[in-house]
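So the structure is just underneath, and the comments pick up after that.
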Amino acid sequence: MTTNIGLLRAVNLAGRNRVAMRELCGVIADLGMKDVRSLLQSGNVIFRSSIASAARLERMLEEATAKQLRVETDFFVRNAAEWQGVIDGNPFPKEARQDPGHLVVMCLKDEPDRAAVTALQQAIRGREVVRAKGRHAYIVYPDGIGRSKLSVALIEKKLGTRGTGRNWNTVLKLGALAAGCDERE
């Protein structure tokens, strides 16, 4: 069995797409996943599965969440090894140490091409910095996320794919939970 991290897009934000994490964990367990647990209330789950395909897991989770919880949203699934690669591949180690709340990793459905990443970088109007590696974009928001013009909508439009972001603190917490799951094997 492989340990996976599942991220939901745009749940429990300003009263929209309300999902109780206990109910979500139940839905995931009902699909046959093991050791299901959540982190925070913003759609972060850890679970073990014998299904190796992230795309298949995403479809299963999206369909079950829509059917059982009546919430239509995207899931982004990465296995524990991929997640450790996200952590190890961070192009902003200084920002991760000094201001982890303003460093965001955005998990993407598809890997953007170089031209799309360049278009996104050229669209930045503030001091934000973006680097993309595979199906992940690392974004530094030195002046804060709330007032930034570099919105999820702009990022998705320029990259041509959907995504969901987590700040560096959450990325590390998810990595630690996933590693703990793997150690119990």
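Every read-out reported here was derived from the displayed coordinates using simple, explicitly stated rules and does not represent laboratory data. Keep in mind the model is a prediction, meaning the values are calculated, not measured. Reconstructed Cβ throughout: ideal geometry from the backbone, glycine too, with neighbour counts over all protein chains shown.
Ranking of Met21, Met1 by neighbouring Cβ atoms within 10 Å, starting from the fewest: Met1, Met21. Here the Gaussian network model covers the chain, with springs between Cα atoms less than 10 Å apart; of Phe75, Phe47, Phe92, Phe92 fluctuates the most.
Phi-derived couplings, Karplus 6.51 cos²θ - 1.76 cosθ + 1.60 at θ = phi - 60°, listed residue by residue for the range 133-145: 9, x, 8, 9, 10, 9, 10, 9, 10, x, 9, x, 8 Hz, with x used for Gly and Pro.
Take the Cα coordinates of the chain, assign each an equal point scatterer, and use the Debye formula without solvent to give log10 I(q)/I(0) at q = 0.16 Å⁻¹. Result of the Debye calculation: -1.00.
Beyond 23 Å, what share of the Cα-Cα pairs of the range 85-172 is found? Please give it as a whole percent. Let's see the in-between values first.
Working: 489 of 3828 pairs.
Cα-Cα pairs of the range 85-172 separated by over 23 Å account for 13 percent.
Only Cα pairs under 8 Å and 6+ residues apart enter the sum, and on that basis the relative contact order of the range 85-172 stands at 42 percent. Taking the chain as a Gaussian network of alpha-carbon nodes connected by springs under 10 Å, the highest mean-square fluctuation of the residues Leu120, Leu154, Leu24 belongs to Leu154. Here the spin labels are modelled as points 7 Å beyond Cα on the Cα-Cβ line, and at Arg114 and Asn169 they lie 3.7 nm apart.
Between Ala64 and Lys34, the modelled label-to-label distance comes to 1.5 nm, taking each label 7 Å out from Cα in the direction of the beta carbon. Cβ crowding within 10 Å, taken as a proxy for footprinting-reagent exposure, orders Ser49, Ser42 from fewest neighbours to most as Ser42, Ser49. In the distance distribution for the range 2-79, Cα-Cα pairs more than 21 Å apart total 14 percent.
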